[in-house]
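Below is one structure, written out as structure tokens; the observations come after it.
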Amino acid sequence: MGFLDGLWRGRENEFDSGSAASNSIQLTKRHSQVSLDRQGAATGNLRVNLTWRMRTSDIMGSQRESLLRHPFKALKPPEVIGHSQSMVNVDLDLGCLYELQDGTRGVVQPLGGFLGDVNAPPYVKLSGDDRFGSASGETIYVNLDHKDAIKRLLLFAYIYDQTPAFDRTHAIVTLYPSNGPRIEIGLDERHPQARSCAVVMIENVKGEMFVRREVKFVYGFQGELDRLYGWGLQWGRGHKSKAER
């Protein structure tokens, strides 16, 4: 097993305006942080969802170039394009490193069956393990009615036991607060050999809950994330059970 952690960054410009058309906030490098309290969304269950699919450009890029050169090909029946084994054999997992105000630290993730609890510490729970990038994806729930007990949460994604393919997947982590616009973080940077990514930090700063974009790719697993963000957990090699697979 392995995980990553993030270096503390100075407070950046806050971004509290969403898109009226899509009712969403996109966290970017320039606008990397939003306050849930100022959005009136720091109560109830915060739903965090990871979805992914193969990049269309990787599948259809050559066809598009061909159509530009030979536009009449658009009138022909489309060819059936098969996915190679390396393209479909991608299993992205969603996890969460947590630290509570009383010093308790741990992880919620599919690997090892650490599914957490939404109504008791750590107030974080993983619902299901999607191995194929279905429409529902993978979801973690955070109970913000207990935000005073939470110090920080690092949401991360990693590729379980398959060829690294972050550069060929279009992965998006979306936060759905109990109120206000959803918050989206796209994993759209190209890191072909990366196996894990610290996506977003949710942090309690003097009673105010901030969501901050991280998007830090690493070549290892949870242990590397842990070292990066200073969680201080002990990691060992882990495998999914047949039920988890």
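The values are calculated or read from the model by the stated rules, or taken from the named source; none is laboratory data. As the structure is a computational prediction, the values presented were derived from the model and not from experiment. Backbone-built Cβ (ideal geometry, glycine too); neighbour counts: all protein chains shown. With ligands, DNA and RNA removed, areas are computed over all heavy atoms of the protein, side chains included. Shrake-Rupley method; radii C 1.70, N 1.55, O 1.52, S 1.80 Å.
Things worth noting here:
- Available extension along the chain between E189 and D145 is 12.5 nm, counting 0.36 nm per residue and deducting the alpha carbon span.
- Given R0 = 22 Å, the distance between the Cβ atoms of H170 and S127 translates into a calculated FRET efficiency of 0.50.
- A 1.4 Å probe run over the protein chains yields, for segment 165-204, 32 Å² of accessible area per residue, whole-number rounding.
- Were the residues from L115 through V205 laid out at 0.36 nm apart, the gain over their Cα-Cα distance would be 29.8 nm.
- The stretch between N179 and T43, if pulled fully straight at 0.36 nm per residue, gains 48.1 nm over its current Cα-Cα span.
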